[in-house]
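Beneath this line is the structure, given in structure tokens, with notes to follow.
The values are calculated or read from the model by the stated rules, or taken from the named source; none is laboratory data. Note that the structure is a prediction, hence the values are computed from the model and not measured. Glycine gets a Cβ as well: all are built from the backbone with ideal geometry, and neighbour counts include every protein chain shown.
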Amino acid sequence: MNIQQPLTELYREAGCNQADAVDFLFAWHAYCHELDDVVDNPLSPETPEMLLASQVRAACLYTCPFFQQNAAALRPLVFLIASAWGDSVKFEHSGDSGLRTYGDSLRLVGNEMVCAVALICGGFAHLRRISPRLRKLAWANQHAPVGEQEP
């Protein structure tokens, strides 16, 4: 699935077309995917450079204007997302099929940051317009039509 165009539109809408909010969402997206690549390929020869790049990206992400202006609300969310995503990585290789299924859903937890930005920028009604569309888009992008996780 080509997610770029619908994702771009959804991030702009989530951030109410506020440049700082939208820039933050794209930086967050890139950062999360970069970390996932490092975890998925720990023995890759590119991993050391990927780790360095993620450190630089983190420094930029957490000092960008939108994050700085909303740090009190977003910083705890970063911790919660990191913890939940860490759980999803553990559950991914569980012998318990129920935990694997739960982990498969939980690995999309980074999208909660998009929901938080929508809430901050546009309020609860705006969040409710964004949330289901975001979740459907994320699921469709990462799963085959019958629901199994894409490789």
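Values as computed for the structure displayed
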{"read-out": "Yes/no for VAL38 being among the β-branched types (Val, Ile, Thr), without any contact (Cβ under 8 Å) to a residue 40 or more places away in the chain and more than 27 Å from CYS121 (Cα to Cα)", "value": "yes"}
{"read-out": "Filter pass, ILE81 being out of contact with any Phe, Trp or Tyr (no Cβ under 9 Å at 6 or more places or on another chain), at pLDDT below 90 and among the aliphatic types (A, V, I, L, M)", "value": "no"}
{"read-out": "Complete set of residues in the range 63-76 that are crowded, with 17+ Cβ neighbours inside 10 Å and closer than 23 Å to VAL38 by Cβ", "value": "PHE67, LEU74"}
{"read-out": "Residue list for the range 1-31, filter: farther than 16 Å from CYS64 by Cα and surrounded by 18 or more Cβ atoms within 10 Å (Cβ to Cβ)", "value": "LEU7, LEU10, TYR11, GLU13, ALA14"}
{"read-out": "Tally of residues being assigned to a helix (DSSP H, G or I) and more than 17 Å from PHE26 (Cβ to Cβ) across the range 78-110", "value": "22"}
{"read-out": "Tally, over the range 1-43, of residues that are in contact with a helix residue (DSSP H, G or I) (Cβ under 7 Å, 6 or more places away or on another chain), part of a helix (DSSP H, G or I) and either hydrophobic (A, V, I, L, M, F, W, C) or more than 19 Å from ALA59 (Cβ to Cβ) (or both)", "value": "18"}
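For (1) assigned to a loop (DSSP other than H, G, I, E, B); (2) within 17 Å of the chain's Cα centre (by Cα); (3) basic (Lys, Arg); (4) modelled with pLDDT of 95 or more, each residue gets a yes or a no:
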| site | (1), (2), (3), (4) |
| --- | --- |
| PRO45 | yes, no, no, no |
| ALA53 | no, no, no, no |
| ALA58 | no, yes, no, yes |
| CYS115 | no, yes, no, yes |
| ILE130 | no, yes, no, yes |
